[in-house]
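The structure appears below as structure tokens.
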Amino acid sequence: RPTIGPNALRLMDAALGILRAAGFADQDAADGYFALSSYVEGFASWQTAMYRVSDRPAMSRREFADAARDYVGRLPPDRYPNLVDLAADVFGGTADRRFEFGLEVLLDGLARRLEATGRPAPATPGGA
């Protein structure tokens, strides 16, 4: 259920203000806010669900990921060729790296959209 209390409204208002100040048109600012918000909330929900599944006393999160990678790696490659080939990539890495990758892709897309409107793109952390 959507949160529309005063704290959530202040956050939304501030984020919309930042996007508008960066030069986004009103609709792009609104759509950009929802894209970023949905990504962050979705990633956090996914992480929470993964931690609940892997939160077993006999198994660490790393052990859970390793077990999942090994299981997927043994699936029939004729049925799941991409998943089998990429099992180490799908179940390797860190949540931080995955989050940063997705956020960078979203921010790069927003910057390109802003550039396409003839407005200058704001500087992004890391020089991207």
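Quick one: putting +1 on the C-beta of Lys and Arg, -1 on the C-beta of Asp and Glu, what dipole do you get for the chain around its Cα centre, in Debye to the nearest 20? So the dipole magnitude of the chain works out to roughly 280 debye. Once the gyration tensor of the Cα atoms in the range 1-43 is diagonalised, the equivalent ellipsoid follows with semi-axes of 18, 13, 8 Å, ordered largest first.
Computed FRET efficiency, Cβ-Cβ of residue 30 and residue 85, R0 25 Å: what is it to the nearest 0.05? Before the final figure, lay out the partial values.
Details: r = 39 Å, r/R0 = 1.58.
Computed FRET efficiency for residue 30 and residue 85: 0.05.
The accessible area of residue 19, taken with all protein chains in place and a 1.4 Å probe, comes to roughly 20 Å².
Taking only alpha carbon atoms, the chain gives an Rg to Rh ratio of 1.09, where Rh is the Kirkwood radius. With the whole protein complex present, residue 66 retains an accessible surface near 50 Å², based on a 1.4 Å probe.
Once all protein chains are placed together, residue 18 keeps about 120 Å² accessible to a 1.4 angstrom probe.
List the relative contact order of the chain as a percent without decimals, with contacts defined as Cα pairs under 8 Å and 6+ residues apart.
Numbers: 61 pairs, mean separation 30.2, N = 128.
About 24 percent, as a whole number.
For the chain, complete DSSP H runs whose alpha carbons reach 15 Å or more along their own long axis and whose mean Kyte-Doolittle score is 0.5 or higher are 6-21.
The values are calculated or read from the model by the stated rules, or taken from the named source; none is laboratory data. Just so it is clear, the model here is predicted, and its values are computed rather than measured. Note: ideal-geometry Cβ built from the backbone for every residue, glycine included; neighbour counts use all protein chains shown. The accessibility values were calculated without ligands, DNA or RNA, using every heavy atom of the protein model including side chains. Shrake-Rupley method; radii C 1.70, N 1.55, O 1.52, S 1.80 Å.
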